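Okay, so here's the structure we're looking at.
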Amino acid sequence: MRAFLLLLACCGIAVANPCIVPAEMLDGTSLPRSRAAIEARELRVLVGGSASAEPAALGTAPYHARIAAALGERYPGLVVRVESRGRRGASAAEVLALIEREMPALRPHLVIWQTGTVEAARNLDPGEFTDKLSEGIARLRAHADVMLMDPQFSRFMRANADIDRYRDAIRLAAAAEGIALLRRWDWMRQWADYDGLDLERAPREERVAQLARLQECVARGIAGQIVLGTRR
């Protein structure tokens, strides 16, 4: 038997069509500001990234628009406000600038910084990328909890870019700064391999439904990791 964890089952969130991930793919690194915010009954989350963090970028509700509902199942009565800021083709430095510009007005308790795809596609220097992540994490965590999110799983990207160098950079930056890593690449590869959730190989007529399910799965994965990080 494969040793799997039903995503969020450990955290009390029921899923009608569950996404399955190995337990080791959920990072329970502490989120102290988010825990305090949940205890105060209002949690503010800011998601920053490139294309998939753009409002209305996908033609279906993106994952960041689904996080509040997923957390609401675990914390009835909790007010969750999720804002996203993104721009297609934005580098890590550009996304950091977008996030920092919004911090004073939005005052998030948690920042989710998705990154790595643009750097890999452009073959930018991984060392400079790591430095920018570490610098940005240090600046952001002075005001909020921070999670890094790695790229979406893509066979096309894997065949046409050295994506693992950038995934390693993200992982190392998160570990060095002691923050949580959302392993979206590994989640999506798991779903593609075992759960039939595979956008690249889905028939055209099924892609919209699969995309919607994927966004729901990612949102629930994020919610599950938030629950783990805010447990005492």
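The values are calculated or read from the model by the stated rules, or taken from the named source; none is laboratory data. In this text the structure is predicted, and so the values were computed from the model without any measurement. Note that each Cβ is placed from the backbone with ideal geometry, even for glycine, and that neighbours are counted across all protein chains shown.
Overview of values
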{"item": "The one condition in (1) more than 30 Å from Asp198 (Cα to Cα); (2) in a helix (DSSP H, G or I); (3) modelled with pLDDT of 95 or more that Glu128 fails to fulfil", "result": "(3)"}
{"item": "The one condition in (1) more than 21 Å from Asp27 (Cβ to Cβ); (2) crowded, with 23+ Cβ neighbours inside 10 Å; (3) hydroxyl-bearing (Ser, Thr, Tyr) that Thr115 fails to fulfil", "result": "(1)"}
{"item": "Selection within region 167-195 - among the β-branched types (Val, Ile, Thr) and part of a helix (DSSP H, G or I)", "result": "Ile170"}
{"item": "Test: residue in region 196-205 that is of a type in the set (D, E, K, R), within 23 Å of Asp162 (Cβ to Cβ) and either in contact (Cβ under 8 Å) with a residue 60 or more places away in the chain or not in a helix (DSSP H, G or I) (or both)", "result": "yes"}
{"item": "Given (1) modelled with pLDDT of 90 or more; (2) surrounded by fewer than 22 Cβ atoms within 10 Å (Cβ to Cβ); (3) assigned to a helix (DSSP H, G or I), index of the condition Leu133 fails", "result": "(2)"}
{"item": "Of the criteria (1) hydrophobic (A, V, I, L, M, F, W, C); (2) buried (at least 23 other Cβ atoms within 10 Å of the Cβ); (3) more than 23 Å from Arg66 (Cβ to Cβ), which one Val218 fails", "result": "(3)"}
{"item": "Test: residue in region 141-160 that is in contact with an Asp or Glu (Cβ under 6 Å, 6 or more places away or on another chain), modelled with pLDDT of 95 or more and not small (Gly, Ala, Ser)", "result": "no"}
{"item": "Output for region 59-82, where each listed residue is closer than 18 Å to Leu148 by Cβ and either surrounded by fewer than 18 Cβ atoms within 10 Å (Cβ to Cβ) or without any contact (Cβ under 8 Å) to a residue 40 or more places away in the chain (or both)", "result": "Val82"}
{"item": "First in region 149-175 and under 17 Å from Trp113 (Cα atoms), second anywhere and surrounded by fewer than 17 Cβ atoms within 10 Å (Cβ to Cβ), Cβ under 6 Å, 6 or more apart", "result": "Ala173/Ser134"}
